[in-house]
Amino acid sequence: MNEKTYRRKEAIALSYNPNEYNSPKVIAKGKGKIAENILENANLNDIPIYEDSNLVELMSQLDLNDAIPEDLYEAVAEVFAFIYRLDEQHSALKVKKNIKI
């Protein structure tokens, strides 16, 4: 019998505003239905979703409004680089759609 291990969905939402604070902070986190709501809100607001179960596990130890500790900067920088690339791709597609030939 092939049993599939069920793992509860987890989500962490980050915010970064260099004018307000020095490092990204946790603005939402949750498991199960709360995680689903976080992901649904991200989708509804065109906020990119980056999936990394190891990073979620580490960051789930943080409390709401906690700043990301320095030992996670490199991993979080990868997330922001991913978002930056998506923004660049999105902008490029938008420009192509607005060009009339």
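What follows is calculated from the coordinates using simple rules that are stated; it is not laboratory data. Just so you know, these numbers come straight off a predicted model, no measurement behind them. Cβ placement follows ideal geometry from the backbone for every residue including glycine, while neighbour counts extend to all protein chains displayed.
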Fewest to most Cβ atoms within 10 Å: Leu62, Leu44 sort as Leu44, Leu62
Computed over segment 10-98, Kirkwood Rh from alpha-carbon pairs, angstrom: 14.1 Å
Calculated SAXS-style log₁₀ I(q)/I(0) at q = 0.19 Å⁻¹ - segment 3-60, Debye, Cα scatterers: -0.74
